[in-house]
Amino acid sequence: MRIAAADVVVTSPTRNFVTLKLTTDDGVTGLGDATLNGRELAVAAYLREHVAALLIGRDPARIEDTWQYLYRGAYWRRGPVTMAAIAAVDMALWDIKGKVCGVPVYQLLGGASREGLLAYGHASGTSFESLGESINMHLEKGYRAIRVQSSIPGVHAVYGVAAQAQASGERYDYEPAGRGAAPAQEDWDSAAYLRHVPKVFDYVRREFGPELPLLHDAHHRLRPIEAAKLGKSLEPHNLFWLEDCTPAESQQALRLVRQHTVTPLAIGEVFNTVWDFQQLISEQLIDYVRAASTHFGGITPLRKLMDFAAQYQIRSGFHGPTDVSPVGLAAQLHLGLAIHNFGIQEYMPHSEQTDVVFRQSMSFTDGMLHPGETPGLGVTLDEEAAARYPYQPAYLPISRLKDGTMHDW
Ligand code: GCO
Ligand code: MG
């Protein structure tokens with residue numbers, strides 16, 4: 001069996017997705033996610049112009065060798081564009097192998113280690129009251145773990161606080177920037193944030209009790225000493241994790257945070273290779289790995305990362321925003337089901353339009369995700385539906401301090 005075609009599909013059913021479709025000479029197809037939010041067409045071009053032709057004629061069964069061929073063979077390693085492109089190839093090859101063998105991909109990865117995957121949903125509010133409503137809505141939908149984000153007095157627009165749709169109970173597809181030719185601008189004030197967040201968790205624990213697993217995302221905005229202070233101030237509230245408390249480039253920053261707090265730490269949604277995690281894992285500076293299969297080179301390297309992390313009792317908390325496509329989500333559901341050191345899976349349901357373009361075998365029941373039993377990854381792409389939603393420029397927001405200084409978003 002040989003790879004006969006490699007096609008890149010860009011579609012925008014409420015948000016942009018880049019999908020690689022590989023077809024073998026026997027007519028078996030495999031899908032891979034190559035979506036890089038706000039820089040989508042760079043990965044589409046990388047695949048179309050530099051990878052597609054290299055794949056034609058290769059044996060689709062050789063997943064590891066193809067991964068190494070694209071990673072080592074390019075000379076220019078790592079980085080989000082390269083690794084999202086390689087991820088798409090890797091996922092598509094696992095999808096093909098599953099279909100050829102007639103089993104879901106998790107069976108190829110060692111079989112299920114659990115019945116389902118604990119998922120967390122995104123609750124948010126502009127006031128304590130609306131936050132409480134949002135948490136209740138998630139509990140009613142079955143979520144057993146909840147990420148809590150809140151507006152901050154004095155800050156105009158804050159990361160992670162959803163617009164109207166969520167509060168009214170509709171399905172929402174969190175697109176903070178919206179579409180447009182340039183990024184929207186938000187503002188930021190770390191001191192105001194550090195004063196307010198402990199009050200938010202005082203409220204949530206008072207209303208919802210001590211047992212509900214709660215998570216919070218600081219979205220790379222704090223300096224190490226500020227992050228340490230936040231972690232310490234949230235200790236009485238027993239968080240499941242504090243996410244991305246400092247910009248992720250500096251692994252050393254986490255040493256300082258760790259010295260001061262026992263609040264569990266999660267990091268790595270913007271990481272691309274094991275090297276970004278090396279110090280964090282070997283020095284046990286984090287508790288959860290936030291990588292996404294889509295931005296980390298696919299299932300093959302993420303599996304290796306999790307085996308490395310397992311030696312240090314570090315668990316998975318794979319990145320699952322709506323900008324990871326249903327194909328990328330499926331890839332990490334199969335992996336999460338198979339590995340021993342699964343922790344939790346982020347879950348933001350995709351929009352209805354997205355669910356029409358990508359049909360999924362996965363299920364969400366009583367707060368637990370399962371990839372389903374369809375051979376391969378369990379996602380099919382409706383190309384006619386995809387063609388109805390052409391690419392639209394969309395950017396994540398940028399963030400500036402009150403004096404105009406650019407800040408981390
Ligand atoms: C999360 C993330 C996302 C990112 C988004 C950027 O924890 O889910 O922080 O919401 O902001 O993936 O493209
Ligand atoms: Mg995050």
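Are there GluC sites (Glu not before Pro) in the stretch 24-118 that DSSP marks as loop and that have at most 14 other Cβ atoms within 10 Å, and which are they? Intermediate values should be presented prior to the final figure.
Working: sites: Glu40, Glu49, Glu64, Glu115; in loops: Glu115.
Within the stretch 24-118, the qualifying GluC sites (Glu not before Pro) (loop, at most 14 other Cβ atoms within 10 Å) are Glu115.
Counting other beta carbons within 10 Å of each residue's own, what order do Ser190, Ser325, Ser282 fall into, fewest first?
Numbers: Ser190 18, Ser325 29, Ser282 13.
Result, fewest neighbours first: Ser282, Ser190, Ser325.
Mind checking the full-extension length gain between Asp202 and Gln185? Use 0.36 nm per residue of separation minus the Cα-Cα distance, one decimal, nm. Display every interim value, and only then the final one.
Numbers: separation 17, 0.36 × 17 = 6.12 nm, distance 3.00 nm.
Gain on stretching Asp202 to Gln185: 3.1 nm.
Give me Ile398, Ile281, Ile299 ranked fewest to most by other Cβ atoms within 10 Å of their Cβ, as a rough exposure proxy. It would help to have the intermediate numbers written out before the result.
Details: Ile398 15, Ile281 20, Ile299 27.
Ranking Ile398, Ile281, Ile299 by Cβ neighbours within 10 Å, fewest first, gives Ile398, Ile281, Ile299.
Please sort by residue number the chymotrypsin sites (Phe, Trp or Tyr not before Pro) in the stretch 65-151 whose DSSP state is loop and whose Cβ has at most 10 other Cβ atoms within 10 Å.
Tyr75, Trp76
Hey, if you put +1 on the Cβ of every Lys and Arg and -1 on every Asp and Glu Cβ in the stretch 3-104, which of Val81, Gly98, Pro13 ends up farthest toward the positive end of that dipole?
Positive-most Cα among the choices belongs to Val81.
On a 0 to 90° scale, report how tilted helix 299-310 is relative to the longest principal axis of the chain, with both axes built from alpha carbons and the result rounded to the nearest 10.
Result, in degrees: 50.
Averaging sequence separations of C-alpha pairs under 8 Å and six or more residues apart, then dividing by the length of the chain, give the relative contact order as a whole percent. Before the final figure, lay out each step's value.
Working: 917 pairs, mean separation 94.2, N = 409.
Reported relative contact order: 23 percent.
So what's Rg/Rh here for the chain, counting alpha carbon atoms and using the Kirkwood radius for Rh?
Numbers: Rg = 20.5 Å, Rh = 21.5 Å.
Rounded to two decimals, Rg over Rh is 0.95.
Indicate, rounded to the nearest 5 percent, the antiparallel portion of the DSSP beta bridges found entirely in the chain.
Details: 24 of 47 bridges.
That works out to approximately 50 percent antiparallel.
Kirkwood hydrodynamic radius for the stretch 1-121: how many Å is it when counted over pairs of different Cα atoms? Write out the running numbers ahead of the final one.
Numbers: mean 1/r = 0.0663 Å⁻¹.
This gives a value of 15.1 Å.
What nm distance separates the two modelled labels at Arg388 and Glu140, each placed 7 Å from Cα along Cα→Cβ?
It is 2.9 nm.
Take Cys101, Cys245 and order them by how many other Cβ atoms sit within 10 Å, fewest up front. Write out the running numbers ahead of the final one.
On the way: Cys101 14, Cys245 29.
So the ranking, lowest neighbour count to highest, is Cys101, Cys245.
State the Cα centre-to-centre distance between the stretch 32-46 and the stretch 95-129 in whole Å.
Cα centroid of the stretch 32-46 versus Cα centroid of the stretch 95-129: 23 Å apart.
Expected output is a single nm value to one decimal: the length gained when fully extending between Gln252 and Gln68, i.e. 0.36 nm times separation in residues minus the C-alpha distance. What is it?
Details: separation 184, 0.36 × 184 = 66.24 nm, distance 2.91 nm.
So the extension gain works out to 63.3 nm.
Kindly provide the helix-only [θ] at 222 nm of the chain, computed as the sum of -39,500 (n - 2.57) over DSSP H runs of four or more divided by all residues, to the nearest 500 deg cm²/dmol? Mind dumping the intermediate values first?
Working: 15 runs with 146 residues, N = 409.
Mean residue ellipticity at 222 nm (helix-derived): -10500 deg cm²/dmol.
Can you give the local net charge around Val43? Use residues other than it whose beta-carbon is closer than 13 angstrom to its beta-carbon, Lys and Arg +1, Asp and Glu -1.
Numbers: positive: Arg39, Arg48; negative: Asp33, Glu40, Glu49, Asp323.
Combined, the nearby Lys, Arg, Asp and Glu give -2.
If each residue of separation counts as 0.36 nm, what is the full-extension length gain between Lys232 and Ala53 once their alpha-carbon separation is subtracted?
59.2 nm
So which of Lys21/Lys99; Lys199/Lys229; Lys21/Lys141; Lys97/Lys141 end up more than 25 Å apart, counting from Cα to Cα?
Numbers: Lys21/Lys99 14 Å; Lys199/Lys229 14 Å; Lys21/Lys141 33 Å; Lys97/Lys141 34 Å.
Over 25 Å Cα-Cα: Lys21/Lys141; Lys97/Lys141.
Values quoted throughout were computed directly from the atomic coordinates according to the rules given, and no laboratory measurement underlies them. No experiment lies behind these values; they were computed from the predicted model shown. So basically every Cβ, Gly included, is an ideal-geometry build from the backbone, and we count neighbours across all protein chains shown.
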